1. Quick one: net charge of residue 46's neighbours, Cβ under 15 Å, K/R +1, D/E -1?
2. Can you give me the accessible area per residue for region 58-157, using a 1.4 Å probe, in Å²?
3. Return the calculated 222 nm mean residue ellipticity for the chain, to the nearest 500 deg cm²/dmol, obtained by summing -39500 (n - 2.57) across DSSP H runs with n ≥ 4 and dividing by the residue count.
4. Using a 1.4 Å probe, how large is the accessible area of residue 85, given in Å² and rounded to the nearest 10?
5. Quick one: with all protein chains in place, what share of the accessible area of region 29-70 is carbon or sulfur, to the nearest percent (1.4 Å probe)?
6. Expected output is a single nm value to one decimal: the length gained when fully extending between residue 53 and residue 156, i.e. 0.36 nm times separation in residues minus the C-alpha distance. What is it?
7. Using +1 on the beta carbon of Lys and Arg, -1 on that of Asp and Glu, and nothing else charged, what's the dipole of region 1-87 about the Cα centre, debye to 20?
8. Hey, rough spin-label estimate for residue 148 and residue 187, points 7 angstrom out along Cα→Cβ, what's it come to in nanometres?
Amino acid sequence: MGFIVTVMVFVLGVVMGGLAGFYGGWIDSVLMRAGDIFFAIPYILAAVVIMSVFSAHRDVWVISLAIGAFAWPSTARILRSEVLRVKQSDFVMASEALGVSKLRTMIMHVLPNSIAPVIVVTTISLAAAITAEATLSFLGVGLPETFQSWGNDISSAQGDVRNNPSTLLFPSIALSLTVLSFIMLGETIRDALDPKARAQR
């Protein structure tokens, strides 16, 4: 589920942020105002509402859509800022001077040179998606108990914490280590893509 949410956030963020940053004007205004609307709604709260409404259809795809549909604006904003910087480069102006279409210039030249920060954020967002799913399952509006979920395991272990604390301890540790691992992976990717930032620390 975490990978599904991550792919959804990446695709939506790249499409919305790329178009807004490269074309500008009214396209930028419309897409970014739409992003502001989604950004103003906490995606955990939105997912709780959606999963409560569709409680009879709780599965991996529904909960992934509930989280991913509201988690893309930050990715779009990061890519937009990078696209605004890259599109002023000489190679972009040279591509347009050669008669290459704007869409092809954006796909072939601008996006490849703007995508590095998005890859880092996307890696970290995978950890956030896993945490969101566990939170929703813990609250009883996430995956049903027939699915394997650390949130369900932690929720089930609450009543037995005094007699058998390991049932609460092990899934909690597993969730924490997994989230920490993806956060550290994001930091490693950032250092690999930006050696200057690594040298400054």
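The values are calculated or read from the model by the stated rules, or taken from the named source; none is laboratory data. Keep in mind the model is a prediction, meaning the values are calculated, not measured. Backbone-built Cβ (ideal geometry, glycine too); neighbour counts: all protein chains shown. Heavy atoms of the whole protein, side chains included, go into the accessibility calculation; ligands, DNA and RNA do not. Shrake-Rupley method; radii C 1.70, N 1.55, O 1.52, S 1.80 Å.
1. Net charge in that neighbourhood comes out at -2.
2. It amounts to 48 Å² per residue over region 58-157.
3. Per the formula, -23500 deg cm²/dmol.
4. 140
5. 78
6. The residue 53-residue 156 span can extend by a further 34.8 nm.
7. Rounded to the nearest 20 debye, it is 160 debye.
8. Modelled inter-label distance: 2.8 nm.
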